[in-house]
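In what follows, a single structure is set out as structure tokens and then discussed.
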There are 2 protein chains.
Amino acid sequence: MNGAESLIQTLVDSGVEVCFTNPGTSEMHFVAALDEVEGMRCVLCLFEGVVSGAALGYAAMAEKPASTLLHLGPGLGNALANLHNARKGNLPIVNIVGDHATYHLQYDAPLTSDITGIAGPVSHWVHSSAAPADIARDAAEAVQQAGIGQIATLVLPADVSWSDNPSGAAAATRKVQPAPVAADKLHKAVEILRDDRPTVIMVGGRNVSEAQGVKLARLAAATGARLLTETFPVRIRRGAGTAVIDRLPYLAELAIDTLKGTERLILLGCASPVSFFAYPNVPSVLEPEGCDVYPLAGPNDDIDGALDSLLQAFAAGSEVVPLRELQVPPAPSGPLDANSAAQALAHYLPENAIVVDEGITSALACFPFTSAARAHDWINLAGGSIGFGLPAAVGAAIACPERKVICLEGDGSAMYTIQSLWTMARESLDVIVLLFNNRKYSILELEFARTGARGGKPGPKAASSLDIGNPDMDFASIAQGMGVPAVVANTAEDLNAALARGVAEAGPLLIDARVPPLQF
Amino acid sequence: MNGAESLIQTLVDSGVEVCFTNPGTSEMHFVAALDEVEGMRCVLCLFEGVVSGAALGYAAMAEKPASTLLHLGPGLGNALANLHNARKGNLPIVNIVGDHATYHLQYDAPLTSDITGIAGPVSHWVHSSAAPADIARDAAEAVQQAGIGQIATLVLPADVSWSDNPSGAAAATRKVQPAPVAADKLHKAVEILRDDRPTVIMVGGRNVSEAQGVKLARLAAATGARLLTETFPVRIRRGAGTAVIDRLPYLAELAIDTLKGTERLILLGCASPVSFFAYPNVPSVLEPEGCDVYPLAGPNDDIDGALDSLLQAFAAGSEVVPLRELQVPPAPSGPLDANSAAQALAHYLPENAIVVDEGITSALACFPFTSAARAHDWINLAGGSIGFGLPAAVGAAIACPERKVICLEGDGSAMYTIQSLWTMARESLDVIVLLFNNRKYSILELEFARTGARGGKPGPKAASSLDIGNPDMDFASIAQGMGVPAVVANTAEDLNAALARGVAEAGPLLIDARVPPLQF
């Protein structure tokens, strides 16, 4: 068994069964080992931003890490943006980054770079294996470190990979469990919830589940607290049968308004809400001045256990609370725009779908329109770096092959990791890409106005920088070029037909939905 | 004048006149300032790897830096691979990376990241401006640091950008000149060239010019030394009228053979040759054991001056040396493959074209076939990270609008920065993309064999990781989707017609050349 084989065996034995790859020469022994060791599914991506974004989507749905295989420092660099997104979402990933042979590094060959330096800012744990006998132990430690919410990056020098490793494989031994919330913190929370000052419970994190929603609704009914989710929880169960919980708006001005009058803010799985960006004359902090903030449970803590304890304290474990009743709107007709597109989505959304939301402005209406649609999971962008949607849909579809994935995607954001489409085709993934093609960086038009730059009115050069028409992109053509069937939708009826087809058929379908930019 | 305006004014006054951009909210005041300050050409790219690759190509041809505008740490991350390539090629770039407002960083908003940490491994100089009054001085220093061959990264917090800066603009004052080579080093080189031990002069670096080639040929004629270029000099003048200089082969085994018997190796503008990757049982160092290596001039030293001194010492300044005579092969006919494609390129290559070479295996024959074609510049990948070709062609075309750019591109490598096509269309750039579509990571098949993994024979999973057919990509469709006219070439005649059209017409054209993989 060589180093690469013991590495893969260790990953498989530790429960890491998928590897999203974009390999190069220094990783050839790892690639070769995939045929020597059973149990690792290898998914080829044509760009490393797809690799890391797919690992993100996989982790969100599988609730365990996938591995990535990246080619030296530049390959890791290409993966950085979606590793940032995964890190901000507390999602686990095990990166394997090939490096030159240890003895070759001194010669500063063209692809030599400071891999651990590049990995540092996006990793919780970085390690370079020095010898073949270390690789199994190091890989087991990487899986352990990834645990439930960390990025672990293991650098694998080529000679460590190709040399014989008589020590064989190892395995991560401890299954990482969410940390229980301390009794004194729970006690304090009960105290807060007992008095009658206006209190908000805000929930977020890796997975706001159906059960969590119901527990929260019971707690709110028993205590009079208001419920909110953070703006972009990584994953949340929504639709028919789920509790009614609004989300904190994205726009700082609206978020501040939503939290007005709140005197206590209890946080479950999320951080204190802050403005996504800074703007002249808009506060960074969104809760009212003087509001007390109680971070009860972080994203890696036992949120369910904390909720059970609180419910027990209020003897509120079994009340019947109102849940969303299924409301499916009729299919829309007439012009295609953000609203009719959202209505069509709500009409056709199949039971237990996974929605990946990177539709930015054009998909704004999709969230409220689907609040009482057939039950589904909704995946948000936790780290703010666009280019996560298409690859996350790849990863979600690999994690949940029996479920339909619907990726709401903007034209601008799609272009960061457009290579994802090819992997959808290669792996016949059950993904509908609903691409809102409005020929603008529409969010930036809004943000330009919000920053007050140039009195909020872009001059010709600025306007040109926000306008991604000229030339218009034809996403149907791009998708077909990568092997994904695609249709153009110019009317609500077109979109209805396309969604009906996408839901009925297996495999990927891209819908190039030509919508006017949202007017703000 | 606000911080952003003084920054742009400073860049323009320091000779930085192009900005490749992919902005976000934190850069909106910079974008707004483009309309307030005269003289900065703003080129929008849809992905940051295009931004940095375009800056690379621009620097190679303009011999001065462009600026980039990148959105926070993740945007910089997306740019990293081509910044690595530029760094390895000693090319100057000034990166402007927007950050949150200084007072907002403490709140760890979703897009907060360690920007200077991410910048470090690819930058020679990194600085974050603390106040609007500093920005002009800092920007001038960034241009100074970029000088002739460095990556300078300036972080621009949003509040520094939007706040008033009563100090106004500044400008880089010193024009950076190549460092003269010390007399004792020149003296030593003369000594070496005087004796009759087998000596190789190897030249490389940012620009192996026509004049340098002639000087080298004279020096070789006068001293009996052999001439070689490094494997991948960033830029080299070739074709009719240029001196005859072979290049060191890429494959370590062939490079070792080429250097066999060499006792002295004089380096001009390049480092001592090493194997691109390490392989079991292949040496990392390519010159023979015991060969003395004399690094006479680095890439930032005055190579021309050093050559003049050596020629003077040998009284060899004016000999007539043989130069390549124009040899244009006839247009090919019949099947399209790597050889007939190379012949077609050599036939149609217009005078003073710029060839960007990322054709990997399929373009191997293009280099020898064009050695006596119409005179041209050839741009190589110095840093080894694929995805440089298409964006470098964008940058070269912006730098040299009067010249035809021909980008030799592999299908695999094209997909890393395929978004470049859109910028070619938007800016009506005079670029022919000759895309070799062989449906393989063909170089990796070769490298797999060279590493000896699994006895050199990929198993089914490994083979699948090297095969990017299934589904086949249709690059004509992809290009048209981004607004670039495209044709498919299945025969040599198809390619002839396409190249003739590309040379005759202005604006971009992609040729999807369906070639069989090279057999090794």
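The values are calculated or read from the model by the stated rules, or taken from the named source; none is laboratory data. Here the structure is a predicted model, which means the values were calculated and not measured. A quick note on method: Cβ atoms are made from the backbone with ideal geometry, for glycine too, and the neighbour counts reach across all protein chains shown. All accessible areas refer to the heavy atoms of the entire protein, side chains included, with ligands and DNA or RNA removed. Shrake-Rupley method; radii C 1.70, N 1.55, O 1.52, S 1.80 Å.
Observations
- Taking the criterion of being open to solvent by less than 50 Å² (accessible area, probe 1.4 Å) and under 20 Å from residue A:287 (Cα atoms), the residues of the range A:189-212 that qualify are A:189, A:192, A:193, A:199, A:200, A:201, A:202, A:203, A:204, A:205.
- Filtered by the rule that a residue be among the small types (Gly, Ala, Ser) and either closer than 14 Å to residue B:22 by Cβ or touching a residue at least 60 places away in the same chain (Cβ under 8 Å) (or both), the range A:398-420 gives A:399, A:412, A:413, A:414, A:420.
- Of the set (1) in contact with a helix residue (DSSP H, G or I) (Cβ under 8 Å, 6 or more places away or on another chain); (2) free of Cβ contacts under 8 Å to residues at least 60 places away in the same chain; (3) open to solvent by less than 10 Å² (accessible area, probe 1.4 Å); (4) not in a helix (DSSP H, G or I), all apply to residue B:96 but (2).
- Residue-level analysis places residue B:371 among those that are touching a Gly at 6+ places or on another chain (Cβ under 8 Å) and open to solvent by 10 Å² or more (accessible area, probe 1.4 Å).
- Complete set of residues in the range B:199-209 that are farther than 11 Å from residue B:223 by Cβ and in contact with a strand residue (DSSP E or B) (Cβ under 7 Å, 6 or more places away or on another chain): B:200, B:202, B:203, B:204, B:206, B:207, B:208, B:209
- Selection status of residue A:4, part of a helix (DSSP H, G or I), at pLDDT 95 or above and more than 10 Å from chain B (Cβ to nearest Cβ): no
- All conditions in (1) within 9 Å of chain A (Cβ to nearest Cβ); (2) in a helix (DSSP H, G or I) hold for residue B:138, with the sole exception of (1).
- Residues satisfying the stated conditions in the range B:33-47, i.e. farther than 17 Å from residue B:425 by Cα and buried (at least 24 other Cβ atoms within 10 Å of the Cβ): B:33, B:34
- Residue list for the range A:226-247, restricted to those being buried (at least 21 other Cβ atoms within 10 Å of the Cβ), of a type outside the set (Val, Ile, Thr) and in a loop (DSSP other than H, G, I, E, B): A:230, A:232, A:233, A:239
- Inclusion of residue B:295 among residues that are outside any loop (DSSP other than H, G, I, E, B) and within 14 Å of chain A (Cβ to nearest Cβ) is warranted.
- For residue A:469, the conditions (1) open to solvent by 10 Å² or more (accessible area, probe 1.4 Å); (2) assigned to a loop (DSSP other than H, G, I, E, B); (3) among the small types (Gly, Ala, Ser) all hold with the exception of (1).
- Looking only at the range A:437-476, and only at residues there that are on the phi > 0 side of the Ramachandran plot and within 7 Å of another protein chain (Cβ to nearest Cβ), the one that is modelled with the highest pLDDT: A:470
- Residue selected from the range A:490-510 under the condition out of contact with any Pro (no Cβ under 8 Å at 6 or more places or on another chain) and farther than 17 Å from residue A:431 by Cα, by the criterion farthest from the other protein chains (Cβ to nearest Cβ): A:493
- Out of A:351, A:325, A:289, one residue alone is acidic (Asp, Glu), within 30 Å of residue A:433 (Cα to Cα), free of Cβ contacts under 8 Å to residues at least 40 places away in the same chain and surrounded by fewer than 21 Cβ atoms within 10 Å (Cβ to Cβ). It is A:351.
- Scanning the range A:320-334 for any residue that is under 23 Å from residue A:364 (Cβ atoms) and among the hydroxyl-bearing types (Ser, Thr, Tyr) turns up at least one such residue.
- Per the listing A:15, A:3, A:57, the residue uniquely touching a Pro at 6+ places or on another chain (Cβ under 6 Å) and either surrounded by fewer than 23 Cβ atoms within 10 Å (Cβ to Cβ) or in contact (Cβ under 8 Å) with a residue 40 or more places away in the chain (or both) is A:3.
- Residues of the range B:157-171 classified as within 9 Å of chain A (Cβ to nearest Cβ) and among the hydrophobic types (A, V, I, L, M, F, W, C), total: 2
- Just one of the listed residues (A:121, A:110) is buried (at least 18 other Cβ atoms within 10 Å of the Cβ), within 13 Å of chain B (Cβ to nearest Cβ) and either modelled with pLDDT under 95 or not in a helix (DSSP H, G or I) (or both), namely A:110.
- Where helices (runs of 4 or more DSSP H) sit wholly within the range B:362-463, those with at least 2 residues that are closer than 22 Å to residue A:74 by Cβ, in contact with a strand residue (DSSP E or B) (Cβ under 8 Å, 6 or more places away or on another chain) and not assigned by TED's automatic domain parsing to the domain that holds residue B:83 occupy B:389-399, B:411-414, B:420-426, B:442-451.
- Search result, residues across the range A:401-426 that are more than 10 Å from every other protein chain (Cβ to nearest Cβ), open to solvent by 10 Å² or more (accessible area, probe 1.4 Å) and either in contact with a helix residue (DSSP H, G or I) (Cβ under 9 Å, 6 or more places away or on another chain) or farther than 22 Å from residue A:370 by Cα (or both): A:401, A:403, A:404
So that you can scan it fast, the table gives a plain yes or no per residue for (1) in a loop (DSSP other than H, G, I, E, B); (2) β-branched (Val, Ile, Thr); (3) without any contact (Cβ under 8 Å) to a residue 60 or more places away in the chain:
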| position | (1), (2), (3) |
| --- | --- |
| A:479 | no, no, yes |
| A:484 | yes, yes, no |
| A:495 | no, no, no |
| A:499 | no, no, no |
| A:502 | no, no, no |
| A:507 | yes, no, no |
| A:511 | no, yes, no |
| A:516 | yes, no, no |
| A:519 | yes, no, yes |
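- Which numbered condition residue A:355 fails, given (1) outside the structural domain of residue A:431 (by TED's automatic domain parsing); (2) of a type in the set (A, V, I, L, M, F, W, C); (3) in contact with a His (Cβ under 7 Å, 6 or more places away or on another chain): (1)
- Meets criteria (under 30 Å from residue B:231 (Cβ atoms), touching a residue at least 40 places away in the same chain (Cβ under 8 Å) and either more than 11 Å from every other protein chain (Cβ to nearest Cβ) or among the hydroxyl-bearing types (Ser, Thr, Tyr) (or both)) for residue A:51: yes
- Residue within the range A:180-188 that is open to solvent by less than 20 Å² (accessible area, probe 1.4 Å), at pLDDT 95 or above and touching a Phe, Trp or Tyr at 6+ places or on another chain (Cβ under 8 Å) present: no
- Neighbours by Cβ (under 6 Å, 6+ apart or cross-chain): first from the range B:253-273, in contact (Cβ under 8 Å) with a residue 40 or more places away in the chain; second open to solvent by 50 Å² or more (accessible area, probe 1.4 Å) and not in a strand (DSSP E or B): B:261/B:198; B:262/B:198; B:263/B:197; B:263/B:198; B:264/B:197
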